[in-house]
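Note sheet for the following structure.
The values are calculated or read from the model by the stated rules, or taken from the named source; none is laboratory data. Keep in mind the model is a prediction, meaning the values are calculated, not measured. FYI the Cβ positions are ideal-geometry reconstructions off the backbone, even for glycines, and counts take in every protein chain you see. Remember, those area values only see protein heavy atoms, side chains included, never the ligands or the DNA or RNA. Shrake-Rupley method; radii C 1.70, N 1.55, O 1.52, S 1.80 Å.
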Amino acid sequence: TAYEMLRSLVGSEMCIRDSTLTNADTEYSQALPAGTKALEFWARESVDIRFAFTSGKVATPTEPYHTLKAGTTYYKENINLTGKTLYFASSVAGSHVEIIAWT
């Protein structure tokens, strides 16, 4: 399966999270598992999502932050993240961010 292939390439465990962005233009956070080796996330709905690895950047967009455009996926592998948190916001209330982290 695709999961087994990814597991053999990037890590041994997969952690799936869903972060609900209940209010518009409000920062929400999701801690990543220690030893994250690959990371993928996307918006469930067709909305833009702002994200950063630093608090205080996404609710009222302040550099540095990034925009994940509607219908796209953020994916990074060959990373080694421990003690990191993702911060999200959207201008659309009730948006969901689905996150997969491999350790």
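Laid out as a table, the results:
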item	result
Segment 30-103 - percent of accessible surface contributed by carbon and sulfur, probe 1.4 Å	50
Environment charge at residue 58 (Cβ cut-off 12 Å; Lys +1, Arg +1, Asp -1, Glu -1)	-2
For segment 31-94, alpha-carbon Rg and Dmax in angstrom	12.0, 33
Solvent accessible area, Å² - residue 82, 1.4 Å probe, full protein context	90
Where the chain is the region considered: accessible area per residue in Å², 1.4 Å probe	55
